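Presented below is the structure to which this report refers.
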Amino acid sequence: MIGLDPSDQRPLLARYDLAAAAKTLTRDSMAARRSGGLWRWRELLPVRSDTFITSLGEGDTPLQPVRWPGLSRVLVKRESLNPTGSFKARGMAVAVSRAVELGARHFVAPSAGNAGGALAAYASAAGVPATVIMPADAPAINQVEVVATGARMILLDGLISDCGRLAALIRDELGAFDLSTLKEPYRIEGKKTMGFELAEQLDWRLPDAVVYPTGGGTGLVGMWKAFDELETMGLIGAERPRMYSVQADGCAPIVRAFETGERFARPWDGAHTAAAGLRVPSAVGDFLIIDALRKSGGSAIAVPENEILEWRPRLASLGFGYAGLETAAAVAGLDALREAGAIGADETVVLFDTGAGFKSEPPAFESPRPVPNDPGFWREKVIPGLA
Ligand SMILES: *Cc1c(COP(=O)(O)O)cnc(C)c1O
């Protein structure tokens, strides 16, 4: 069983023979690898044999410019275009593939949002049963996806941390592979590919700043690891983007720890935010997130819940399409950072659009009354009403 480091109960991270990898993974060879999504980075992923890869087409998401008042270059990493509608697909693709290679016969994971659906989809495709444990108040849309995609779902009358404890019990009793965030080393390997893609898409020069809506922080920690791997291989230099974590003010343990100068984040009591991906009161990798933020010269910022809800319907006109609440939080965070002068007008900023609008709780919505199916009525009432 692969879990936390038995000596200190902290996350284990994968290491590679980077000198060997650098022989075949070069700027030129990457330019020639046109398909395969995140699996184009084979040498830097933990799956040994291609026969164990379960892919639904994850990775290689666009890095798209959007209009932004007061900033000249904001690029959005469109992670919402991944299979299952969020970047959880990256982590689960790699973790499920590697676990199957190691002989996993059953998966288990707690989830309060998108991780459950991603696990269900990849486990089904791999032909391995999965059990997802969700708090009973997890968004219905996420619950439906888990079941519709073929996993067994247990709804627990408790918090995500309670779900994690039940997952550990199931792991021990059934010998299941526990895919809880950072309690195994492979989901982060999938998510780190976002960092590889940033470097490649920006012609091997990292942006000035990265704005990332942070829950468990695997994406942020993964990208930080990816940058180190690329530097060791000589693919980028020593410069790093300033990394900014955005959390909701109803659940901001990383922001609190960052501001008080602590290295570990105390669990957040009474965590609440409609942005389910950010509702993580206690992150196993808290110190990894906080270390990366500090080393990068970035920071952590909490945005008010009402701002998240207010930004969401405005995102389409900025070029985001129907964006999820976590993306809206990141946008609110970037706006606050710009206003505070933390980000300069001419800097290159990458903002993470982590999940599709369809994956978040929908905004309040009332259908308009249907109009009669009558051309006369349309001409008299409908068209003039629109003019
Ligand atoms: C899980 C999730 C997050 C938080 O990601 P971490 O890497 O765990 O911090 C943000 N947005 C969405 C849509 C998510 O599903």
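The values are calculated or read from the model by the stated rules, or taken from the named source; none is laboratory data. Being a predicted model, the structure only gives us computed values, none of them experimental. Backbone-built Cβ (ideal geometry, glycine too); neighbour counts: all protein chains shown. Heavy atoms of the whole protein, side chains included, go into the accessibility calculation; ligands, DNA and RNA do not. Shrake-Rupley method; radii C 1.70, N 1.55, O 1.52, S 1.80 Å.
Do we have Ala167 as open to solvent by less than 10 Å² (accessible area, probe 1.4 Å), in the same structural domain as Ala345 (by TED's automatic domain parsing) and more than 11 Å from the ligand (Cβ to nearest atom) here? Here the answer is no, as Ala167 does not meet what is asked.
For (1) hydrophobic (A, V, I, L, M, F, W, C); (2) under 28 Å from Thr232 (Cα atoms); (3) assigned by TED's automatic domain parsing to the domain that holds Ile236, each residue gets a yes or a no:
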{"residue": "Ser7", "(1), (2), (3)": "no, yes, no"}
{"residue": "Ala20", "(1), (2), (3)": "yes, yes, no"}
{"residue": "Arg27", "(1), (2), (3)": "no, yes, no"}
{"residue": "Arg33", "(1), (2), (3)": "no, yes, no"}
{"residue": "Ile53", "(1), (2), (3)": "yes, yes, no"}
{"residue": "Leu56", "(1), (2), (3)": "yes, no, no"}
{"residue": "Trp68", "(1), (2), (3)": "yes, no, yes"}
{"residue": "Leu75", "(1), (2), (3)": "yes, yes, yes"}
{"residue": "Met92", "(1), (2), (3)": "yes, yes, no"}
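Quick one: would you say Phe264 is of a type outside the set (Gly, Ala, Ser) and either within 16 Å of the ligand (Cβ to nearest atom) or touching a Leu at 6+ places or on another chain (Cβ under 8 Å) (or both)? Spelling it out, it is not the case that Phe264 is of a type outside the set (Gly, Ala, Ser) and either within 16 Å of the ligand (Cβ to nearest atom) or touching a Leu at 6+ places or on another chain (Cβ under 8 Å) (or both). Just one of the listed residues (Pro213, Pro207) is surrounded by 18 or more Cβ atoms within 10 Å (Cβ to Cβ), within 23 Å of Ser72 (Cβ to Cβ), modelled with pLDDT of 95 or more and more than 15 Å from the ligand (Cβ to nearest atom), and it is Pro207.
Against the numbered list (1) over 11 Å from Leu71 (Cβ atoms); (2) open to solvent by 10 Å² or more (accessible area, probe 1.4 Å); (3) out of contact with any Pro (no Cβ under 8 Å at 6 or more places or on another chain), Ala345 comes up short only at (1).
Between Arg314, Arg338, which is open to solvent by 10 Å² or more (accessible area, probe 1.4 Å), at pLDDT below 95 and in the same structural domain as Lys225 (by TED's automatic domain parsing)? Matching residue, one of Arg314, Arg338: Arg314. Scanning the stretch 317-334 for residues that are in contact with a helix residue (DSSP H, G or I) (Cβ under 9 Å, 6 or more places away or on another chain) and either surrounded by fewer than 24 Cβ atoms within 10 Å (Cβ to Cβ) or not assigned by TED's automatic domain parsing to the domain that holds Gln247 (or both) turns up Leu318, Phe320, Gly321, Tyr322. Only one entry of Gly59, Gly37 meets the criterion of being open to solvent by less than 20 Å² (accessible area, probe 1.4 Å) and without any contact (Cβ under 8 Å) to a residue 60 or more places away in the chain, and that entry is Gly37.
From the list Ser111, Ser86, exactly one residue is polar (S, T, N, Q), open to solvent by less than 10 Å² (accessible area, probe 1.4 Å), touching a helix residue (DSSP H, G or I) at 6+ places or on another chain (Cβ under 6 Å) and within 16 Å of the ligand (Cβ to nearest atom). Which is it? Reasoning before the result, please.
Values: Ser111 fails: touching a helix residue (DSSP H, G or I) at 6+ places or on another chain (Cβ under 6 Å).
Exactly one of Ser111, Ser86 is polar (S, T, N, Q), open to solvent by less than 10 Å² (accessible area, probe 1.4 Å), touching a helix residue (DSSP H, G or I) at 6+ places or on another chain (Cβ under 6 Å) and within 16 Å of the ligand (Cβ to nearest atom), namely Ser86.
If a residue has to be of a type in the set (Lys, Arg) and buried (at least 21 other Cβ atoms within 10 Å of the Cβ) to count, how many in the stretch 241-288 make the cut? Give the steps one after another, and end with the answer.
Applying the first criterion (of a type in the set (Lys, Arg)) to the stretch 241-288 yields 242, 256, 263, 266, 279.
Applying the additional criterion that residues be buried (at least 21 other Cβ atoms within 10 Å of the Cβ) yields 279.
So the answer is 1.
Among what's in the stretch 170-204 and is open to solvent by 10 Å² or more (accessible area, probe 1.4 Å) and on the phi > 0 side of the Ramachandran plot, pick the residue that is nearest to the ligand (Cβ to nearest atom). So the residue we want is Trp204. Just one of the listed residues (Ala387, Ala329, Ala356) is more than 13 Å from the ligand (Cβ to nearest atom) and not aromatic (Phe, Trp, Tyr), and it is Ala387.
Among the residues of the stretch 120-164, those identified as without any contact (Cβ under 8 Å) to a residue 40 or more places away in the chain, more than 25 Å from Ser97 (Cβ to Cβ) and open to solvent by 50 Å² or more (accessible area, probe 1.4 Å) are Ala136, Asp137, Ala140, Val144, Leu155, Asp157.
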